[in-house]
Amino acid sequence: MPQMIIANRLVDGRVVFLAPEERWDTAIDHGSVVDDDAEAQQLLEVAKQAVARCLVIDPILIQVKVENGKVRPTEIREVIRAFGPTVRTDMEDVAVPIVGIAPEGDRRAEGAARVNRNAKE
Amino acid sequence: MYRYDEFDAKFVAERAAQFRRQVKRRLAGELTEDQFRPLRLMNGLYLQLHAYMLRVNVPYGTLSSKQMRTFAHVARTYDKGFGHFTTRQNIQYNWIKLEEAPDAVKDLASSEITSIQSSGNCVRNITSDQYAGCAKDELADPRIYCELLRQYSFLHPEFSYLPRKFKIAVTGSPNDRAAVAVHDIGLRMHKNEQGEIGFEVLVGGGLGRTPYIGQTIRKWLHPSHLLTYVEAILRVYNMLGRRDNIHKARIKIIVNQMGIDKYRELVDKEFELTKNGQLKVPDEEIARIKAYFAPPKYETLKDIGPELDARRKTDRAFDRWMRGNVVEHKVPGYAIVTVSLKAPGRVPGDITADKMDAVADLADRYSFGEIRVSHRQNLVLTDVKQGDLEQLWRELFALELATPNLGLLSDIICCPGLDYCALANARAIPIAQDISRAFSDIDELQRIGNFTINISGCMNACGHHHVGHIGILGVDKRGEEFFQLTLGGSSDQNASLGDRLGPGLPQAEVPGAIRKIVDTYLEHSEPGERFIDTYRRVGIEPFKASVYGAETAH
Amino acid sequence: MSLLKGGKVVADTFVDASAAEAIPEAGAVIVSLEQWQKHRDALLARGTPIGLRLHSDQSPELIADDVPKLALIALEFPKFRDGRAYSYARLLRERYGFKGELRAVGDVLLEQLFFMLRVGFDALDVQQSPDPVAAFQTAISDFSVWYQPTADGRPTAMQLRHHR
């Protein structure tokens, strides 16, 4: 099973992956993926040295899948760490305009009516 | 509200400087992570899934508009432009960098805000009723005593390494909006037979892996003994609380293990020896703090109920909001307004920096510059003139802060869950979003009435799922997220822990299950019964049958 | 080990026999609770200073009556998270009137010095520290405002506010 090292960077807490030449990269696709356990243990050793040098904290080995050069962890928790929260706070269409709570003349009331009509169809 | 004097200001400045030094030592490698962790936790800095999270105290849920603007500044400068209000009346920032944390802490300190002891095995933020000082049903303002406890607990040299965290809540009203029954110490103000106001002291309540309702350790405590008695409880806990197992280390475990009578005996023995010592609170100190909580300069107004009713008849939208988010104030002509952070589809409790600034402005114009944070993750403007309600409503609506769902199905309490939190087993926010979208018909929600849903992403129960009318607990079953429902929890003065409904459900089935529970309630309810009342009368079986099918109900 | 006392690194005038098979015949000695209970009379007859070392699950209530006879009490912190000794220290100073050397031993972090001094420790066995004196100076000058009264006599904010 392919594995790689994930950790948090000490200085800002950001998720990083151990990459070639003992670098740490925030992009999972740039991380070093290894296939056998011996190589995985070697990666872990490198990671531990990085802890001692105050670069990262809590490095662990995680299982991943590689498809077309794209790396994806197999555990949802690590997926979330790699790609960010699954909830979007910035998208307008996340919110649901509610019928009947808008003051008269408020543009959103029209939006609500439109959405509700769509929902019924 | 309380304003720092020279002592308080110096204290937080010194603490901020100490924290800066500790961070510097950590970055330079002079402290290992094991040594640094308790230090940063005692300043509210967690390492979460994506970054450091900073938890900042809002003492007993009371904020000035200036402080809210500082929250906005921190969100913009050190985070991604938003913050999250929690079930302990705190604010959390999810994207903090360690190297910038001392600057954020310093900026907060200059506005009299701290993150001191918002985490760690010490006394945490003292929480209270979000309507304190204004509620019609209140005996006395609990915040005076919260402030006393806050100062007492900060950097207490004896109690900074307790077996585990310690949470205290205070209510000044018989209608408990502070969930005191599920705190390590719960304090309920009430009158004794002589008519004196004092505290009923509850101990050993708590949620998490092994939830308990607090038990009465003392029926009535004179306010001057608040600190001596709390110290006695803390000392017995510090000396006898379990330290062998992190999951058995809270005071609730030892209180239930030895029994409340034995625990009381030990505490009273300790209290007898200390009650007239240095820690007895002099009247001058109570008076000094009380002065900070003097009521604002209310105008002499009349209640304008009939006028408002007339407006409500012609404007259904205004009526829905009045019905949903506005409650009575003890002063004629005023009202208490909830600023909802629960727009359906949004992240419960989250608010952008821009909206924080906007709420600060609204507080200045409509509510004497003060804002409250509720443990239901909403904000409150407590002193709004009834004559201003309609205009305030329009402004809140434009900011998406007027969803009229207080205490209704879409007023969901929700922890950050696996999207943010390193402790979580499952995501919680998407469940809340799904449910709130499925229940977005306000008229329906208001007809259904008071019905709370609390969601936790793991057994630590930061979403208070044990005490929701419906509780939802995210669990990890063979690598997949499942959601276990409980029914019948309540955090008020008739506190109860929810009963498990049945096996965990996959995410897609949760909104449907909620719908079935609601339908079953409507089917069985008698006039005037809230869900919780119906549940307590008919029991869990009808709900089990409806969600899981009649065959599995037995 | 570095014994910090009065802001300086000092030599330890006691021999710690608490984990040893046999107690030295003469001289200032630190014994365990078990040794104290077994050899109490003999130890008292020596006429030399006696120290008692308590584990973190041994409350000072167990030795309250013997406190006046002890020159030193050492309280263990098996892990820095184990905060029981902070309560024990206060009880020893404030309730049982212990006036001798109160020593913190075990996993003693410099970041905790401030709390330890406030509850009554006056000697600290700091194991890993490049410059204990400097660290000590930093630790005690971190704060000038305290909210809680302890036996250290420092006036609290409340007392200063009301000029008590």
**Request:** Mind listing whichever residues of the stretch B:236-258 are buried (at least 19 other Cβ atoms within 10 Å of the Cβ), among the basic types (K, R) and more than 10 Å from chain C (Cβ to nearest Cβ)?
**Result:** B:R250, B:K252
**Message:** I'd like the full set of residues that are in a helix (DSSP H, G or I) and either modelled with pLDDT under 95 or farther than 23 Å from C:G153 by Cβ (or both), limited to the stretch B:259-270.
**Reply:** B:I260, B:D261, B:K262, B:Y263, B:R264, B:E265, B:L266, B:V267, B:D268, B:K269
**Message:** Please verify whether B:T70 is over 21 Å from B:S340 (Cβ atoms), surrounded by fewer than 20 Cβ atoms within 10 Å (Cβ to Cβ) and among the polar types (S, T, N, Q), treating the condition exactly as stated.
**Reply:** no
**Message:** I'd like the residue in the stretch B:488-531 that is of a type in the set (A, V, I, L, M, F, W, C) and within 14 Å of B:N454 (Cα to Cα) and, out of all such residues, is surrounded by the fewest Cβ atoms within 10 Å (Cβ to Cβ).
**Reply:** B:L497
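For the stretch C:83-111, name all the residues that are under 14 Å from B:Q35 (Cα atoms) and within 9 Å of chain B (Cβ to nearest Cβ).
C:L109, C:E111
Here are B:Y161, B:Y152: which of them is part of a loop (DSSP other than H, G, I, E, B), among the aromatic types (F, W, Y) and either more than 30 Å from B:A353 (Cα to Cα) or assigned by TED's automatic domain parsing to the domain that holds B:A353 (or both)?
Working: B:Y152 fails: part of a loop (DSSP other than H, G, I, E, B).
Just a single option satisfies the conditions, and that option is B:Y161.
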**Residue list for the stretch C:24-34, restricted to those being in contact with a helix residue (DSSP H, G or I) (Cβ under 8 Å, 6 or more places away or on another chain) and closer than 16 Å to C:K69 by Cβ** = C:V29, C:V31, C:L33
**Request:** Return the residue satisfying two criteria in turn: it lies in the stretch B:263-305 and is within 29 Å of the chain's Cα centre (by Cα), basic (K, R) and under 30 Å from B:R250 (Cα atoms), and of such residues it is surrounded by the most Cβ atoms within 10 Å (Cβ to Cβ).
**Result:** B:R264
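Taking the stretch B:157-169 only, how many residues are within 14 Å of chain C (Cβ to nearest Cβ) and touching a Lys or Arg at 6+ places or on another chain (Cβ under 9 Å)? Give the derivation first.
As a first pass, look at the stretch B:157-169 and keep what is within 14 Å of chain C (Cβ to nearest Cβ): B:157-166.
Add one more test, that the residue is touching a Lys or Arg at 6+ places or on another chain (Cβ under 9 Å), and what stays is B:157-159, B:161, B:163-166.
So the count comes out to 8.
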**Item:** strands (runs of 3 or more DSSP E) enclosed by the stretch B:448-501 - at least 1 residues per element that are out of contact with any Cys (no Cβ under 9 Å at 6 or more places or on another chain) and not assigned by TED's automatic domain parsing to the domain that holds B:P348
**Value:** B:470-477, B:480-487
**Request:** Starting from the stretch B:23-34, keep only residues that are assigned by TED's automatic domain parsing to the domain that holds B:D103, then list their pairs with residues that are in a helix (DSSP H, G or I) and at pLDDT 95 or above whose Cβ atoms are within a distance under 7 Å, requiring at least 6 positions of separation or different chains.
**Result:** B:V23/B:L98; B:V23/B:A101; B:V23/B:P102; B:L27/B:E99
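Quick one: count up the residues across the stretch A:5-49 that are outside any helix (DSSP H, G or I) and either within 14 Å of chain B (Cβ to nearest Cβ) or under 29 Å from B:Y93 (Cβ atoms) (or both).
The initial filter retains those residues of the stretch A:5-49 that are outside any helix (DSSP H, G or I), namely A:5-19, A:23-27, A:31-36.
Now drop any that are not either within 14 Å of chain B (Cβ to nearest Cβ) or under 29 Å from B:Y93 (Cβ atoms) (or both), which leaves A:5-19, A:23-27, A:31.
Matching residues across the stretch A:5-49 total 21.
I'm trying to understand the selection: among the residues of the stretch B:139-187, which are polar (S, T, N, Q) and under 14 Å from the mean Cα position of the chain (by Cα)?
Step one: filter the stretch B:139-187 for residues polar (S, T, N, Q), giving B:151, B:153, B:160, B:171, B:173, B:175.
Within the stretch B:139-187, just B:T171 meets the criteria.
Kindly check whether there is at least one residue in the stretch B:425-445 that is farther than 26 Å from B:E480 by Cβ, more than 10 Å from chain A (Cβ to nearest Cβ), more than 22 Å from the chain's Cα centre (by Cα) and in a helix (DSSP H, G or I). Talk me through it step by step, then tell me what you get.
Just the residues of the stretch B:425-445 that are farther than 26 Å from B:E480 by Cβ, to begin with: B:440-445.
Checking which are more than 10 Å from chain A (Cβ to nearest Cβ) leaves us with B:444.
Next, only the ones that are more than 22 Å from the chain's Cα centre (by Cα) stay: B:444.
If we keep only those that are in a helix (DSSP H, G or I) too, we end up with B:444.
So far as the stretch B:425-445 goes, yes, one or more of its residues are farther than 26 Å from B:E480 by Cβ, more than 10 Å from chain A (Cβ to nearest Cβ), more than 22 Å from the chain's Cα centre (by Cα) and in a helix (DSSP H, G or I).
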**Asked** So which residues in the stretch B:469-524 are within 14 Å of another protein chain (Cβ to nearest Cβ) and touching a residue at least 60 places away in the same chain (Cβ under 8 Å)?
**Response** B:E481, B:Q507, B:P511
**Prompt:** For the stretch B:327-357, what are the residues that are surrounded by fewer than 22 Cβ atoms within 10 Å (Cβ to Cβ), of a type in the set (V, I, T) and touching a helix residue (DSSP H, G or I) at 6+ places or on another chain (Cβ under 9 Å)?
**Reply:** B:T352
**Request:** Take the stretch B:260-289 and flag every residue that is more than 14 Å from chain C (Cβ to nearest Cβ) and more than 25 Å from C:R95 (Cα to Cα).
**Result:** B:I260
**Asked** Do any residues in the stretch B:1-22 that are polar (S, T, N, Q) have Cβ atoms under 8 Å from those of residues that are buried (at least 20 other Cβ atoms within 10 Å of the Cβ) and assigned to a helix (DSSP H, G or I), where the two are at least six apart or on different chains, and which pairs are they?
**Response** B:Q22/B:F36; B:Q22/B:L39; B:Q22/B:R40; B:Q22/C:E111
**Prompt:** Counting only residues that are in contact with a strand residue (DSSP E or B) (Cβ under 8 Å, 6 or more places away or on another chain) and in contact (Cβ under 8 Å) with a residue 60 or more places away in the chain, which one in the stretch B:238-266 is farthest from B:R124 (Cα to Cα)?
**Reply:** B:Y263
**Request:** Mind listing whichever residues of the stretch B:375-407 are in a loop (DSSP other than H, G, I, E, B), touching a Gly at 6+ places or on another chain (Cβ under 7 Å) and surrounded by fewer than 24 Cβ atoms within 10 Å (Cβ to Cβ)?
**Result:** B:L406
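For (1) away from chain A (no Cβ under 14 Å); (2) closer than 29 Å to B:A287 by Cβ, each residue gets a yes or a no:
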{"site": "B:F71", "(1), (2)": "yes, no"}
{"site": "B:E100", "(1), (2)": "no, no"}
{"site": "B:S128", "(1), (2)": "yes, yes"}
{"site": "B:A132", "(1), (2)": "yes, yes"}
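Among B:N94, B:N121, which is over 28 Å from B:D283 (Cα atoms), in contact (Cβ under 8 Å) with a residue 24 or more places away in the chain, within 14 Å of chain C (Cβ to nearest Cβ) and within 21 Å of the chain's Cα centre (by Cα)? Give the derivation first.
Values: B:N94 fails: within 14 Å of chain C (Cβ to nearest Cβ).
Step by step, each of B:N94, B:N121 is checked, and only B:N121 is over 28 Å from B:D283 (Cα atoms), in contact (Cβ under 8 Å) with a residue 24 or more places away in the chain, within 14 Å of chain C (Cβ to nearest Cβ) and within 21 Å of the chain's Cα centre (by Cα).
Residue-by-condition table, conditions (1) of a type in the set (D, E, K, R); (2) buried (at least 16 other Cβ atoms within 10 Å of the Cβ); (3) in contact (Cβ under 8 Å) with a residue 24 or more places away in the chain:
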| residue | (1), (2), (3) |
| --- | --- |
| A:L10 | no, yes, yes |
| A:V16 | no, yes, yes |
| A:D25 | yes, no, no |
| A:I28 | no, yes, yes |
| A:G31 | no, yes, yes |
| A:E39 | yes, no, no |
| A:D58 | yes, no, yes |
| A:V87 | no, yes, no |
**Message:** If I filter the stretch B:420-452 down to residues being free of Cβ contacts under 8 Å to residues at least 60 places away in the same chain and among the acidic types (D, E), which single residue comes out as farthest from A:A102 (Cα to Cα)?
**Reply:** B:E444
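The values are calculated or read from the model by the stated rules, or taken from the named source; none is laboratory data. Just so it is clear, the model here is predicted, and its values are computed rather than measured. We place every Cβ from the backbone using ideal geometry, glycine too, and count neighbours over all the protein chains shown.
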